[in-house]
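The values are calculated or read from the model by the stated rules, or taken from the named source; none is laboratory data. Note that this is a predicted model, so its numbers are computed, not measured. Methodologically, a virtual Cβ is constructed for each residue, glycine included, from the backbone with ideal geometry; neighbour enumeration extends over all protein chains shown. The protein model used for the area step is the full one, side chains on, heavy atoms only, and it has no ligands, DNA or RNA in it. Shrake-Rupley method; radii C 1.70, N 1.55, O 1.52, S 1.80 Å.
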Amino acid sequence: MDGPPILSMKGISKEYFGNRVLKDVDLVVGPGEIHALVGENGAGKSTLMNILFGMPVIHTTGGFEGEVEIAGQAVKIMNPHEAMDHGIGMVHQEFMLIPDFTIAENIKVGREIGTPTVFSKILGPSMDILDREAMSRDAKKALSRIGMNIEDYVKVAGLPIGYKQFVEIAREIDKTGIKLLVFDEPTAVLAESEAERLLEIMKLIADQGIAIIFITHRLDEVMAIADSLTILRDGELVERSSTRDMTVVEIAAKMIGRKVERLVDLGDTCRVCDQENVALELNNFSVDMPGEQVKGMNASVYKGEIFGFGGLAGQGKIGIINGIMGLFPAEGDALVFGEKLRLERLGDALKHDVAFVSEDRRGVGLLLNESIERNIVFSAMQVHNQFLRRIGPMKMINRKKAKKHAIDMIKLLDIRCTGPQQKTGSLSGGNQQKVCLARALTLNPKILVVAEPTRGIDIGAKKLVLEHLVKMNVDEGMTIVIISSELVELRSICDRIAIVSEGKVEEILPPDASDAAFGLAMSGMSLAGVEGEVKDE
Amino acid sequence: MSNAKQTIQRIGWPRLIIALFFILLIVVSPFMGLKLSDVFSDVLRRWSMFGILILAMVPGVQSGIGLNFGVSLGIVAGLIGSTTAIELSFQHGSPRPWTDLGFALLIAIPIAALLGLVYGMLLNRVKGSEMTVSTYVGFSVIALSNIVWLLLPYKSGVLIWPIAGEGMRNTINLEESFGGLLSNPAVVEKMPTALRWLAFEVGGVVVPFGMILFFLFMCLAVWLFLRSKKGIAMSAAGENELFTRSNAIDVNQMRILGTVLSTVLGAIGIIMYAQVFGFLQLYNAPLMMGFQCVAAVLIGGATTRRASVTNVIVGALLFQGILTTSLPVIKRLMPSGSTLSEVVRIIISNGIILYALSKTKGGNQIEK
Amino acid sequence: MKNNNDMNQSVVSQPDVIVMQPETPMQKTLSWIFENKVMLMFVALCVGAVAVSGNTVGFVLGNVLVRFGRNGFTVLSLLIPVLAGMGLNFSIVIGAIAAQTGLFFAVDWGLTGMTGMLVAFLITTPLTMLFGFGVGRLFNKMKGAEMIAGLILGFFADGLYQLFFLYILGGLLPVRTNNLIIPGGIGIKNTIDLTGNMKYALDLVKLVDLLLVLVALLAVIAVIQTVVRLKNKQSLPLKTLILLVLVALVYGLTFVPGLSDYFRTDRLPLVNAIEMGMAMAIVYALWKIIANRVNPDKRFKLGRYLIIVAVAVGLFALTYVPFFYDVIKSSSIAVLPFALIAGLCVFNQVFLSTRLGQNMRTVGQSQVIANASGIHVDRVRVIAMIMSTVLAGWGQLIYLQNLGTFATYGAHLQVGQFAIAALLVGGASVQKATNKQAITGIILFHTLFIVAPEAGAKLFNNAMIGEYFRVFVSYGVIALSLAMHAWQRKKKPELELPK
């Protein structure tokens, strides 16, 4: 590598409200280098990129520590526009394109070329008349630089998705002095052939001397085109290496590897799972949930076990339960203790004694303006007609019973509050989660599905929630399904863990499977498969 | 210090200013040569008169359709009920006030329920823009009702223009019908002794006791409903659609329920309004009535997403109180300022709606 | 879009060629009908109502032209906020209020004619800019609720306006002319008569005067440009100079005896307007065709300009058919208002191709993308509101001088209502509105307005029904359009992008 690297971030640390999300991380990318940035969700990839782009979320929370150099010059990037001025561009996972505009207009958006008029002398350049020919020329040039051949006056609306991505790239390339392009999960929305083409284009761009940061969860893509890579885990730098010097198994293991403390003692053998008695069965199950698509999934959860769904965000694990509960349109079969759910009917799962604690606590899980008491009894009241009292034709709420139950639950789960009348909106995250849990438990379910049980709550509360789940399982034989992006917590309490990738179960692993097995499954590969390939060579 | 600040923030500046202004007006009025008893009589009358119309906002807001500017639908239903009841009495041959009131309600409520149902279905299709749509649906319905008033084949002399006129009168006198039944001592005096409590005077203050009782009864009914299983489900639908759906409740049905209730209350509200007022006002008179109701409930402390019975009672008192007390005070201050009260009404009601809108939209967008 | 000659540097496999299915003429017609269903419905309604009402077409046409000149400018002032994604600007009422304030002071100071209008204009413009700025700032706090906020804001502003005119003017602020004050009180009278001072002040401007102003304006610009360019040692501003010579030539025509009548009538008879329009259309088409010869563009469509010429000639030929001549013979148009409307149409069009216009379009399509592209979203939105409010204020001035009298407390109330209804009748929607839709809308809406009472009288024996029907239409079409907008938005949720 000659001269200074295009980007050099040294000793980057960042804290959000006392919570350290990046610890002394380095990221160095040279000219023409394709550099992969890999790590699990929450490893710190997006925070690092937010720092690079000077996003307001960084500066409004106290900035960061460390130094950023671009082409050898120390810089302080305070907002995305400054990042743009420094020659840093971003290709978004979801396209930043205006469908009603032509390709040329989209490529030149915000950077239109104009010829001054009489009025622009008085009112400034905003009154310039657009020079559409020059814009078209520029657009053509940018498109041809990435090897695209398409008329620039076509509207973006009708283009196939792959083309849109290319227009997006062309727009970044067109920016004068572009030195560094960040691709954020660019292949996530593309079909296989389109993805291949994209990788070719990335190489083409790199050959022109532009540095590329490639964020992806697909390790095969990393191996295919990246020159080097940085692995982050829990906000720490694990490895900076050339791709040639590492195998995919090593990468996967480094991404995941950490000590796991079991909350449930498995003993030497797996707990006896009643394999005859299937609590929840999914056959060719699909859910149309935006951003969390489930595509023809098959899985079985046995009665009395703690089953985990893991995998990266956006791969579909969250979609499973939202489909079962009827919140998003679903197809295929979902069976609860052998009975088929009527998925089109809202709440059929509830009637089959499946209770659900949503991953989106504030958005789905709680009535923030209502009291703890009202929240806890709501589901049981509406679904099972509990806590009600008949007055004439009206079914009125039985405040006495509701209050008593709420107080019991507050004690049971140790919800820290001023009393059952406190509004849930003013509770801390952990206590809110306990209220959600209390509401689900009040339904007295046979199967309890908890999505992201510990997201956004502090460590103490985390442990308490998990321990309580285990207790419910052990004491009452309740079948528990946990859906979580945090592999550690799944491995700490689950009997079996299904890793979801691209809307399907990639692999079902025991909690003590190797880190590499988990890491590979997350990027859609199996350890056995990869090792087989290695042997073949 | 911070405690006081918090209290103010909870009450909200506009509400506080209006309340203080209201108190100031009451304190000032004796010095302006006004009798306090008259002031209180007026306030009580207007409070009970508007109360139910304002109460109509509560089910709408709670079910999630927002501030129901389209309460005009209920108003039109109420007016159809009232005029039809009067026409029936005319064909019967003699005035019968209580029957008129009964029939007016009996006819208006199913019409309102039906209109509310259709309207609720429309609002379910325009989620997110309910307020803009409902405002213009309200306007359109009033414009359409103008044609109805021209075409209804009624014959009663009370209803139609005397000679060669077309259609119904602008203002219909209810003296012969249900005007003042629950509120006017002069009307109540002619009733049997057992009913004399409906309206009376205490120390110069006219108390429309029957009307107040009816208003509070309706408030109680709504309050109880909001504590029933259905009511709780409806309120949840308005607060958090996804939460409600995840508990197997059909949100759209709940919104329709809220719209129907709001429309029916609007119908009852306008009948009671006319009862106290003594006149039915047709044509464009109710055009802006929805705005007044919205403003009143907002002054009472409601937001575009939450409203309670307390908000209604307080809001009706403050909003109507300030309008009734300001008029005589202004008249004393400047004799030619007879319309100033109207101007004040326009400024306050639209100002408070704007304030509420700016609080819900934009400001909270990031938080959500 | 198919392109076979691969570029040399391309090493990337070309994706499959996208073939856009060409529509059959049948499909084209059907989709056109579907897109214009609202407009077509109103065409049918208007034709029916005119037929039923028994009014002559000539009468209707004459009245429509009057109302077109009166209201056209205001309707066109609504386009820019739609472009900027702020929906239908219900708050143009505020522009009208400012115009009425300006006009009131002109009347109060005893000014008449053009002087009065000019003073009113000079008061209105800064006032509307200020108001527009405020409205824009407020709307930035209520993104997504601009329409309902604009509506309420209109009512609120009306309250303040009443307060000002009823209690402050004549009370705190003295008024010069006593007969403007309510007898025996303070505050301004209900109606202000403009007869004898500013009625028709703009309508009666002759074409020749207009040309003279144009020549003068161009001359000034040409001189400035020449001086600047000579100083910078650049070439002469040829375009401006050619334009100047052309306009001067046309002005010269006004002295030709046979033609001078054309240019010197108070109002231009419609027959002459058609002749003139034909001449202009032909010149325009020739200009375009020649320009294309000099500088060819592959997207140039010769047919389009031939059709323009054909239509113009055809229209001209129709004036020789006795029936059509009868229809149009008694109609005339007010020169300046029509010129201003045409000018605003051109402005709206040209504005689209400026940098600011393009930025506004971007903001209208997606605030997120606009922001990410370095466009100052809030500022662009405020500019849109300022422009719309200023234009609406000018529109109200044109409206009032034509009406000749103004209801102090009523003239502005329905401005937004009727302008928006007219725009929507023409087929516009909350997200898209064009000059063409505005013009079609004004014609249709006002045709309905003119004939509805008599159609009602003929059909139901009751003129009031027609009256109420047209009010219902104006509310109903807005309700319908808003509902359809919300409906479509719900069916096809907006592309949501990460921040």
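Note on B:LYS155: aspartates and glutamates with a C-alpha under 20 Å away, same-chain residues under 8 apart excluded, are B:GLU87, B:ASP100, B:GLU166, B:GLU175, B:GLU176.
Ligands, DNA and RNA excluded, the heavy atoms of C:VAL477 present near 10 Å² of accessible surface to a 1.4 Å solvent probe. Computed extension length for B:ASN173-B:PHE200: 7.5 nm, one decimal, from 0.36 nm per residue of separation with the Cα-Cα distance subtracted. Note on C:TRP487: accessible area is roughly 100 Å² with a 1.4 Å probe, heavy atoms of protein only. Rounded to whole numbers, the Karplus 3J(HN,Hα) couplings from phi for the stretch A:101-112 are 8, 6, 4, 4, 4, 5, 5, 9, 4, x, 10, 4 Hz, using 6.51 cos²θ - 1.76 cosθ + 1.60 with θ = phi - 60°, and x at Gly and Pro. Short to long, the 20 Å bins of the Cα pair-distance histogram for the protein assembly as shown hold 8, 30, 34, 22, 6, 0 percent of all pairs. Of all lysines in the structure, those lying under 20 Å Cα to Cα from C:LYS233, and not within fewer than 8 positions of it along the same chain, are A:LYS121.
Legend: distances between Cα atoms for A:LYS340/A:LYS471; C:LYS206/C:LYS329; A:LYS141/A:LYS164; pairs beyond 25 Å are A:LYS340/A:LYS471.
For Cα pairs less than 8 Å apart in space and 6+ apart in sequence, what is the mean separation divided by the residue count of chain B, i.e. the relative contact order in percent? Relative contact order for chain B comes out at 31 percent. With all protein chains in place and ligands, DNA and RNA left out, the 1.4 Å accessible area ranks C:PHE121, C:PHE300, C:PHE68 as C:PHE121, C:PHE300, C:PHE68, largest first.
What FRET efficiency do you get for B:LEU151 and B:VAL118 if R0 is 22 Å and r is their Cβ-Cβ distance, rounded to the nearest 0.05? It comes out at approximately 0.60. Each residue of the stretch A:73-85 was assigned a 3J(HN,Hα) from its phi angle through the Karplus curve 6.51 cos²θ - 1.76 cosθ + 1.60 (θ = phi - 60°); the sequence is 9, 5, 10, 10, 9, 9, 7, x, 5, 5, 4, 4, 5 Hz, with glycine and proline shown as x.
The GluC sites (Glu not before Pro) of the stretch B:188-260 that meet both conditions, a loop assignment by DSSP and at most 13 other Cβ atoms within 10 Å of the site Cβ, are B:GLU189. Each part gets one Cα centre, and for the stretch A:333-377 versus the stretch A:15-52 those centres are 37 Å apart. Across the stretch B:1-160, the mean sequence separation of Cα contacts (distance under 8 Å, 6 or more residues apart), normalised by length, yields a relative contact order of 24 percent.
Distance between the modelled labels on A:ASP458 and A:VAL57, one decimal in nanometres: 2.3 nm (7 Å Cα→Cβ projection). Averaging 1/r over each pair of different alpha-carbon atoms in chain A and inverting the result gives 25.9 Å, the Kirkwood hydrodynamic radius.
For chain C, which DSSP H helices look membrane-span-like by this rule: Cα extent along the axis of 30 Å or more and mean Kyte-Doolittle of at least 1.0? For chain C, where a helix must reach 30 Å along its axis and average at least 1.0, the hits are C:113-141, C:207-231, C:270-294.
In terms of its alpha-carbon gyration tensor, chain C comes out rounded; the largest-to-smallest axis ratio a/c stays below the 1.5 threshold. Over the protein assembly as shown, accessible surface divided per residue gives 44 Å², non-protein components excluded, 1.4 Å probe.
Find the centroid of the Cα atoms in the stretch A:65-94 and in the stretch C:161-175, then give the distance between the two in whole Å. Here the answer is 57 Å between Cα centres. The accessible-area ordering, largest first, of the residues A:ASP184, B:ASP100 stands as A:ASP184, B:ASP100, per a 1.4 angstrom probe.
Solvent exposure of C:TYR325, expressed as accessible area, is near 100 Å², computed with a probe of 1.4 Å over the protein chains only. Pairs exceeding 26 Å between alpha-carbon atoms, taken from A:LYS10/A:LYS462; A:LYS434/B:LYS229; A:LYS45/A:LYS317; C:LYS298/C:LYS432; A:LYS423/B:LYS230: A:LYS10/A:LYS462; C:LYS298/C:LYS432. Modelled spin-label separation between B:ILE23 and C:TYR284, with each label point placed 7 Å from Cα along the Cα-to-Cβ direction: 6.7 nm. Its alpha carbons give the stretch B:170-310 an Rg and a Dmax of 18.7, 58 Å. Straight-line cross-link reach from A:LYS403 at under 14 Å between alpha-carbon atoms covers these aspartates and glutamates, not counting any fewer than eight positions away in the same chain: A:GLU370, A:GLU373.
Inter-part distance, the stretch C:263-310 to the stretch B:207-246, computed on C-alpha centroids, equals 67 Å. With Cα atoms as the point set, the radius of gyration and Dmax of the stretch A:94-176 evaluate to 13.5, 43 Å.
Only helices enter the 222 nm calculation for the protein assembly as shown: every DSSP H run of n ≥ 4 contributes -39,500 (n - 2.57), and dividing by all residues gives -18000 deg cm²/dmol, rounded to 500. Across chain A, the relative contact order, built from alpha-carbon pairs under 8 Å that are at least six residues apart, equals 14 percent.
Relative to a virtual label point 7 Å from the Cα of A:GLU94 in the Cα→beta-carbon direction, which members of the stretch C:364-380 show backbone nitrogen distances below 12 Å? Residues passing the 12 Å test: C:368-369. Residues A:GLU221, A:GLU200, ordered by accessible area of protein heavy atoms at a 1.4 angstrom probe radius and largest first, appear as A:GLU200, A:GLU221.
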